Structure formats: C-alpha cells, structure tokens
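First the structure, in the form of structure tokens, and then the observations on it.
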Amino acid sequence: MTVSQREKAILVGLFKGGSREEKETAMQELALLTRTAGAEVVAVLTQKRAEPDAAYYIGEGKAAELAETARRHGAGLVIFNDELSPSQLRNLDRLTGLKIIDRTALILDIFAERARSREGKLQVELARLQYMLPRLSGLGNQLSRLGGGIGTRGPGETQLEADRRVIRRRIGELKKEIAALRQHRSLHRQRRQKSGIPLLSLVGYTNAGKSTLLNALTGSDLYTEDKLFATLDPSVRRGTLTAGRSVLFADTVGFIHHLPKTLETAFRATLEEISAADLLLHVVDLSHAAYLEHLAVVREHLKRLLPDYHARELLVFNKVDLCRDTGDFACLEREFPWSCFISARTGLGLEHLRYKAALLLEREFRQIKVYLPYGEGALYQEIRRSGNVLAVEYKPTYQTVIARVDRALAARLHPFLEEPETEPGLH
C-alpha cells in the first residue's frame, strides 16, 4: 500500500549531548528518511535530556507541546528519531491523539515499499512482525483509526490485528521459508565459487552510489534514485578489471545509523553475500558532510559480519564531481592508502579503481604446484582461465603445473598438491 496523499509529519529528536552539527545531521537524515517514505516534514522538535522519560520519552510537558505544534501545522504524524518502548508508544498515542511511529518503524516501512523479490518481501514481513508483536496493545487505537499510510503498509500488515498466537505462528512459518531460501542461496554461492570468478561486493552507507557504480562498471541498468534505500534486493552482474579480467560485482543493501536489529537479523542471508566476497568495494559519498561518520558506521556493521574485513576492503570515495574543495584528497590518501577517488556518474577514476581492485585481488592469490592427471583437463582450463599458469611439465600420466590461483581454486586443487618428498624437478 502506498500513500495516496502526502502525510504531514513532525520530527522529534532527543539528544544527551553532542555538537550542534551532529544534531542537525541526525535530524536531516531523519527528514530524508521521512521524505523517502512519502511524507512532508512540517516541523522539527529537539530536546536535550540526560535520559529519555520512561512514560513519554520526551516528558509529558514536551509531549503536550508536540500535540499543540501538530494542531498548529495540521500534522497527523509524528516520527521519533529513536526506538520507542511499547508503553511510550501507547502513552504518546493517548496524550496526543496523533499517529506515533519511531525510526525503526519508519525504516521498516521504507523497506516494505522497496522489497521486490520474494526473499526480500519475506524478510521485511518477518522484521515487521517481530517489531510489532510486543507493541500490539499500544498500536490498537492507531490501527482502528488509520487504514494505511506510513508505518502501516507492506507485507504482514493484515496480521497486526490478529492475536499474538497467530502472529507467532506466522513468524515461525516465515523463518522456515527464509531458511530454505538461505540454503538455496548458499548452493548458488558454492557454484559461483567453483567457477573461480572473483566476487566483489559493493558495500556502503545508503545512498552512497553503489548501484550507480555497479551500472558504470558493468554496463547494467539497475534502478537508481537519489533516495535512501532506493534499491533493496541484491544484484550480481559480470564486469571486468584491468587487462580484461572477468569478475562478478554484487550490489548489497545499504547500511545506516541504528539499523533496526530486526532487519539486520531478517536480512542475514542477504548480508552473507558480503562474507563470501573476495573483495569489498566500500563506497563512501565524499560529498556528504558526515562522510567520515558514515564510513565508521559501515565499518562497525562489517566488523560484526566479517571480523577480517580490513584485509578485503578497498575504499571508494565517490561523487568527487560534487565536491567543491579537492584539497583534502591528498590527506585522505595518506590516511587511507588503499583508496581511490571516483565519480560513478561521470566515469572519472573508474580505470584507477579497476587497477587497484586487480592489485588487491592479486594479494589474495597464492602460488601452488600440483600434479594434474590428464583426465582433469577441465580443471587445467579453469586454472588458465581464472589464474596465471607459470610453468608446465608433461609426464606420462600427469602434468606438473605451477600457477597462481585464488583461494577458492587453491582449495579445490588441494587433492593434487605435490608431496615435498616426491617433488620432481622441472626441466
């Protein structure tokens, strides 16, 4: 279900401390999320408070002020830049008479609209039901008062008025379906790894330009838009690096501050594509004022998914064409030696990106020496296609091959490794 008429929204943020710039950046991001969901921001309220109020999050007095501000602007929607407890949600609903949602519900709503594949829709439905289950009592008035709109659309919305037992059963069904799809994805991944073609996953903060970069590197026409989470379902396309070497590029869902845990759990299967990558192209929007903060947020997510991500990361500072001052590039290059500066939109720096990616992939290669029976002709052709054959000696029943291959192919060649004590000489 989409929004038939733009809802007027008031944004609310609570901050314990931090600079004025940090607060403005946080609320600007919430505003962008709100516009992405289809609402119009008519007012922004912020409050400095040591701890959130247990009953009303912002306190009863501030909540009454919020209700008055909403009436003055004709707003019926309030979005909080944090996750509200079931009791806070219920109390705010009763006091203000407004539709109250939090940051998590807003992001879930956007994901519900963006999901296209069956797997994506199932994952979003699971995340929404897990989020809604403890909040059913608090949402009762809203569900009876509001038939649709932001915070109520997407897969699973008809389940919200059902009892907890029914919802728990549905959650169990969804987990089983997602587990089956996860196994299916795993088999696809194994076949891809056997092909010996390296996989490069594009990761980064949402709206950093990952899909635009994938299009530029592969000649694809994936949907792109200047919105948060414009693309949600992962896509894999074939492309080339320096010297025409074939690789696969995978676009992945973007990260964001305070990504809801329910979404991170539900999208585990999709995020596993990152763990399987030979190289991570970490795309950073250099034109964004908080680009270093975004970089740090993504790295925190990567650390949980892939503890050794540093060994596979190539920083790609994107949108340099939108930067007025290029004086910081030299400093960034010194701070981040394995990085490059590009514009996916104009094509600037893409060849340098291909070159550096090829260099990093080369570090993942190892030199091996194997006995290959002549019956393993297909395997030998795979070494020639995806690796680098350094020397070959032909014997009556086998050929001795010295080559540089990637980790996946080296593992497959393990049964043919030569024992040191029987090592024949090469002529």
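Just a few scattered comments:
- Filtered residue count, the range 335-346, keeping only those that are modelled with pLDDT of 85 or more and over 23 Å from the mean Cα position of the chain (by Cα): 2
Condition check ((1) surrounded by fewer than 17 Cβ atoms within 10 Å (Cβ to Cβ); (2) modelled with pLDDT of 95 or more; (3) among the hydrophobic types (A, V, I, L, M, F, W, C)) across all residues:
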| position | (1), (2), (3) |
| --- | --- |
| Val44 | no, yes, yes |
| Arg49 | yes, no, no |
| Tyr57 | no, yes, no |
| Phe80 | no, yes, yes |
| Leu84 | no, no, yes |
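Yes/no per residue for (1) farther than 30 Å from Leu409 by Cβ; (2) at pLDDT below 90:
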{"site": "Leu181", "(1), (2)": "no, yes"}
{"site": "His188", "(1), (2)": "no, yes"}
{"site": "Ser195", "(1), (2)": "no, yes"}
{"site": "Phe229", "(1), (2)": "yes, yes"}
{"site": "Arg238", "(1), (2)": "no, no"}
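- With respect to the conditions (1) closer than 30 Å to Arg182 by Cα; (2) buried (at least 19 other Cβ atoms within 10 Å of the Cβ), Arg116 lacks only one, and its number is (2).
- If you go through the range 318-355 and keep only what is of a type in the set (Lys, Arg), touching a residue at least 12 places away in the same chain (Cβ under 8 Å) and surrounded by fewer than 21 Cβ atoms within 10 Å (Cβ to Cβ), you end up with Arg345, Arg354.
- Qualifying residue in the range 348-368 (condition: under 11 Å from Asn318 (Cβ atoms), assigned to a loop (DSSP other than H, G, I, E, B), assigned by TED's automatic domain parsing to the domain that holds Ser246 and touching an Asp or Glu at 6+ places or on another chain (Cβ under 8 Å)): yes
- Unique match (being touching a Phe, Trp or Tyr at 6+ places or on another chain (Cβ under 9 Å), basic (Lys, Arg) and farther than 18 Å from Lys16 by Cα) among Arg135, Arg94, Arg128, Arg71: Arg128
Table: residues versus (1) part of a helix (DSSP H, G or I); (2) free of Cβ contacts under 8 Å to residues at least 24 places away in the same chain; (3) in the same structural domain as Asp406 (by TED's automatic domain parsing).
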| site | (1), (2), (3) |
| --- | --- |
| Val284 | no, no, no |
| Lys303 | yes, yes, no |
| Val316 | no, no, no |
| Tyr371 | no, no, yes |
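- Filter result for Leu187 (in a helix (DSSP H, G or I), in contact with a Leu (Cβ under 8 Å, 6 or more places away or on another chain) and either within 30 Å of Leu136 (Cβ to Cβ) or without any contact (Cβ under 8 Å) to a residue 24 or more places away in the chain (or both)): no
The values are calculated or read from the model by the stated rules, or taken from the named source; none is laboratory data. All of these numbers come straight from a predicted model, not from anything done at the bench. No Cβ is skipped: glycine too gets one built from the backbone with ideal geometry, and neighbour counts run over all protein chains shown.
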